[in-house]
């Protein structure tokens, strides 16, 4: 149980374009989802927290107009990187907490590798 | 401000050579301390949650312990398949569900 998927697993896009990453909870309803970014040999840095049906809460220093998060249903959250630039290249990982899982534990997706050329 | 410091940054062990990884933390009101394993290019895999000082949890060759200032992940008789980065994270009572991660310990177990 508590499986989280992400799509795509990797994506290459050109500078200036936008890319959307999906995060799905497969066997539970995710009331809260998180988006993290991880640079090579670095730890996970929280970007934003999203609750189903409400606006995401962004961490300090994360541009909310650049990283658009939508949590429209209890099983799906999306992260759209708008006008991507090479410095946005990173490993993006989502996690989810919700009903049907053990309290407070986050379950992570497999990650999406974004490369902006 | 919450802080999580893991040591060592990297650890190389021979197969069967037991050792411990350290996670020191400061947090205003700990709700839980989490251990995850992360393989290259993958998302973190949940291992343990510890909620109070004195608590211990075990899973196969891994045992996690917690004090008021630090947590240890003991690896007994490791095998090459235990090679991975081990991440420690704390969750504060007033943070919702947000996790604050340490930088991880990269473990390599050689045959």
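The values are calculated or read from the model by the stated rules, or taken from the named source; none is laboratory data. Keep in mind that this is a model prediction, so the values were computed, not measured. Neighbour counts are summed over all protein chains in view; Cβ atoms, including those assigned to glycine, are modelled from backbone coordinates with ideal geometry.
Taking segment A:23-55 only, how many residues are farther than 14 Å from residue B:43 by Cβ, surrounded by 14 or more Cβ atoms within 10 Å (Cβ to Cβ), more than 9 Å from every other protein chain (Cβ to nearest Cβ) and at pLDDT 90 or above?
3
With A:90, A:83 as the choices, which residue is in contact (Cβ under 8 Å) with a residue 24 or more places away in the chain and out of contact with any strand residue (DSSP E or B) (no Cβ under 7 Å at 6 or more places or on another chain)?
Every option except A:83 fails the conditions.
Under the condition of being within 14 Å of chain A (Cβ to nearest Cβ) and over 16 Å from residue B:88 (Cβ atoms), which residue from segment B:10-42 is surrounded by the most Cβ atoms within 10 Å (Cβ to Cβ)?
Top of the filtered list is B:42.
Going through segment A:6-22 one residue at a time, which ones are within 12 Å of another protein chain (Cβ to nearest Cβ), in a strand (DSSP E or B) and exposed (fewer than 15 other Cβ atoms within 10 Å of the Cβ)? First the steps, then the outcome.
Filtering segment A:6-22 for residues within 12 Å of another protein chain (Cβ to nearest Cβ) gives A:6, A:9-10.
Right, trim to in a strand (DSSP E or B) and you get A:6, A:10.
Matches in segment A:6-22: A:10 only.
So which residues in segment B:49-106 are within 14 Å of another protein chain (Cβ to nearest Cβ), surrounded by fewer than 19 Cβ atoms within 10 Å (Cβ to Cβ) and on the phi > 0 side of the Ramachandran plot, if there are any at all?
Result: B:96, single match.
Determine whether residue A:104 is modelled with pLDDT of 95 or more, in contact with a strand residue (DSSP E or B) (Cβ under 8 Å, 6 or more places away or on another chain) and either closer than 15 Å to residue A:33 by Cα or not in a loop (DSSP other than H, G, I, E, B) (or both). Break it down into steps so the answer makes sense when it comes.
Values: modelled with pLDDT of 95 or more: no; in contact with a strand residue (DSSP E or B) (Cβ under 8 Å, 6 or more places away or on another chain): yes; either closer than 15 Å to residue A:33 by Cα or not in a loop (DSSP other than H, G, I, E, B) (or both): yes.
Considered against the rule, which asks whether it is modelled with pLDDT of 95 or more, in contact with a strand residue (DSSP E or B) (Cβ under 8 Å, 6 or more places away or on another chain) and either closer than 15 Å to residue A:33 by Cα or not in a loop (DSSP other than H, G, I, E, B) (or both), residue A:104 comes out as no.
Against the definition (out of contact with any strand residue (DSSP E or B) (no Cβ under 8 Å at 6 or more places or on another chain) and either modelled with pLDDT under 95 or within 17 Å of residue A:104 (Cβ to Cβ) (or both)), how does residue B:94 come out, yes or no?
On the way: out of contact with any strand residue (DSSP E or B) (no Cβ under 8 Å at 6 or more places or on another chain): yes; either modelled with pLDDT under 95 or within 17 Å of residue A:104 (Cβ to Cβ) (or both): yes.
Criteria met by residue B:94.
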